[in-house]
Amino acid sequence: MDKPQREQWQSKRGFLLAALGSAVGLGNVWRFSYVAGENGGGAFLLVYLFIVLLVGVPLLLGEFALGRRMQSESATAVARLVPSSRWRHAGLIGIVAAGLILAYYAVIAGWVFRYAALYLTGAAPDLASGSHAAAFEAYIASPLQPLAWQLLGMALTTAIIAQGVEKGIEKVSLVLMPVLALLLIGLAVHSATLPGFDRGLAFLFQPDWAVLATPGVYLAALGQAFFSIGLAMGVMVTYGSYQPATRPLPGAAVTIVLGDTLFAITAGLVIFPAVFSFGLDPAQGAGLAFIVLPEVFGQMAGGGLVGAAFFLLLSIAALTSMVSLLEVVVAHAMQRWGWSRKRASWSIGGALFALGIPASLGFGLWAGLPLPDGRTILDVMDFIAADLLLPLNGVLLAVLLGWLWPRHEALQAADLHGGGRLGRAWHFSLRYLVPLLVGVVLLGSLAPLVG
Ligand code: PHE
C-alpha cells in the first residue's frame, strides 16, 4: 500500500495566514514597540526594515524551501540535507527551542486569557483596588489560578494540533486571523482620536539618528526580527513542508515578513497614544500589557470595551503562535517514533504544560530561588531558548542552507532558479550576511555568561 500522502495546506491563503499567525504573537504587541521607542524610534525602524529584508526574508525563504523540498518536519529536513555529516543532528536544536519557548509562552498566554475573560465578562480587573500593579502581582503569585489558565491554553492548542494541518491549523487561522486584523484596525482608528496620538507617534517614529552609531541597536533589531518572524525554530521549515510544490515561495516570504512588521507598527500606534493620553509611563514587557494598559482602560471612556478588544486580540495572537510551536514538536515525534497525530499531540502537549509549571510557580511559591541577576525561572528559560538556542540554530541553518546545500538545488527549491539577480542576492545573504550578523548576536548573548 502507498504511504498516506503528507498533509498539505488546502489553499494559498491558508498557508499565508497560518504562517502569519505564527509570526504575529505577543512579541509584536509589546516587545516591538518598546524596543523601537528605546532604540531611537524612527531610526530603529529603518534599521529594523533593513534587517528584516536582508536577513529575515532570505532565512524565512530558506526555511520554507528546505521544508518543502525535503517533505518532512524540521529536524528530519536538516538530516536529509546532510545525511552523513555530523551536522545532521543540528535540526534538533530547533525542536528543543520550540518546546522550551512554548512551555513558558503558555504561562504568559494564560495571563492574557484570564485578562481577556475578565474584560469580556465586564469584570475589568480590580478597578476598586485602585492599584493594577498590586492586583497583577498578587494574581501571578497565586499558585492555582494561573496554572488553570495555562492548562486551558495548552489544552486548546493541543486540541487544534490534534485535528491536523488542514482541519486544525489552517481552519483556525482562516477564521482567527481576519478577526485579529479587524480588531487591530478598530483599535488603531480609536487610538487616532485620543489626545496623546501625536506624542505616541513621536515616541514610536521620531528618529534619533545618533543611535545608528551604537552597536546595541543592530543587536536589538536582529534579536527582535528573529523572535518576531519566528525564525530558526523549525516552525517555518515544518510549515513549508505542507506547501504544495506548485505554489511559489518567494512572494509568500516577503508577504509574511512585511505583514508581521506592519502588525507590530500598528500595535505600537494602538498602545502608545493611549499611554500618553493618560499621562502614564511606557513601561516594559509584562508591566505594559497587564499594569499600564488596564490603568489606561480604567480611565478611558468606553475603556471596558477597548480593553476587551485589546485582550481578545492578544489572546488570538498568542494562540496561533502556540499552535505553530506545538506543531514543530508534534510533527517531529510523529516522524521520529511513528506516533499517530492524536497520540503525539496529547502526550507532548501534556509534557510541555508540565515543563511550564515551574515557570508559573517562579512568580509565587518558588520566587525565592537564587537565580542570577534576580531573574525568574521564566526569564532563565527565555534566555536559554531565545538568546542562546535561537541564534545558535540561526547560524547553523544559514551555514547548512548557504554552504552545504548545493547552490543550484537550493535555488531550485526556493523557486529562484531562473531568477538571476534575486537568486544571487538570496544566496549571498544566506552565505555571508546571515551567519555573520547572527554570529555577532550570539557572541553578544554569550558575553554576559563569561563575564
Ligand atoms: N513570533 C511570535 C511572537 O512574535 C513568537 C514565536 C516565536 C512564535 C517562535 C512561534 C515561533 O510573539
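Tabulated results
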quantity	calculated
Solution diffusion estimate, µm²/s, Stokes-Einstein, the range 133-285, Kirkwood Rh from C-alpha pairs, 4 °C, viscosity 1.567 mPa s	67
Over the range 1-97: Kirkwood hydrodynamic radius from C-alpha pairwise inverse distances, Å	16.3
Rounded to the nearest 10 Å², the accessible area of Ile271 at probe 1.4 Å	0
Size of the range 304-404 as Cα extents on the principal axes (Å, biggest first)	49, 36, 28
Binned Cα-Cα distances of the range 344-386, short to long, each 5 Å bin given as a whole percent	5, 23, 24, 21, 14, 8, 4, 1
Translational diffusion coefficient (Stokes-Einstein; Kirkwood radius from C-alpha pairs) of the range 209-361 at 37 °C, 0.692 mPa s, in µm²/s	174
Proximal aspartates and glutamates relative to Lys167, as straight alpha-carbon distance under 19 Å, when same-chain residues fewer than 8 apart are discounted	Glu7, Glu73, Glu327
Rg over Rh, two decimals, the chain (C-alpha only, Kirkwood Rh)	0.96
Quarter of Cα convex hull surface for the range 396-451, i.e. mean projection, nm²	3.9
Stretch gain in nm, segment Gln412-Ser85, where the contour uses 0.36 nm per residue and the Cα spacing is subtracted	115.5 nm
Mean shadow area of the range 265-344 over all directions, Cα convex hull, nm²	7.0
Under Karplus coefficients 6.51, -1.76 and 1.60, residue-wise ³J(HN,Hα) of the range 40-54 in Hz, glycine/proline x	x, x, x, 5, 4, 4, 5, 4, 4, 4, 4, 5, 5, 6, 7
With all protein chains modelled, accessible area of Thr214 [1.4 Å, Å²]	70
Share of alpha-carbon pairs per 10 Å distance bin for the range 45-94, given as whole %	26, 40, 23, 10, 0
As computed over the range 137-197, the Cα convex hull volume per residue (Å³)	105
Paired Rg and Dmax values of the range 78-193, which use every Cα atom, in angstrom	19.7, 65
Accessible area (Å², per residue) of the range 103-197, counting only protein heavy atoms and a probe of 1.4 Å	42
Heavy-atom SASA rank of Leu180, Leu156 (probe 1.4 Å, accessible area, largest first)	Leu156, Leu180
Helix-derived mean residue ellipticity, 222 nm - over the chain, DSSP H n ≥ 4, -39500 (n - 2.57), to 500	-21500 deg cm²/dmol
Karplus-derived HN-Hα couplings along the range 356-361 (A = 6.51, B = -1.76, C = 1.60, θ = phi - 60°), whole Hz, x at Gly and Pro	x, 4, x, 4, 6, 5
Histogram of C-alpha separations across the range 358-440, 5 Å bin width, %	3, 14, 17, 13, 10, 9, 8, 8, 7, 6, 4, 1
Quarter of the Cα convex hull surface for the range 186-276, i.e. its orientation-mean projected area (nm²)	8.1
Inter-centroid distance (Cα atoms) of the range 78-156 relative to the range 290-365, Å	4
Overall Cα dimensions of the range 110-174 - principal axes, largest extent first, Å	46, 24, 15
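The values are calculated or read from the model by the stated rules, or taken from the named source; none is laboratory data. A quick note: this is a predicted structure, and the numbers were derived from the prediction, not measured. Surface accessibility is based on the protein's heavy atoms, side chains included, excluding ligands, DNA and RNA. Shrake-Rupley method; radii C 1.70, N 1.55, O 1.52, S 1.80 Å.
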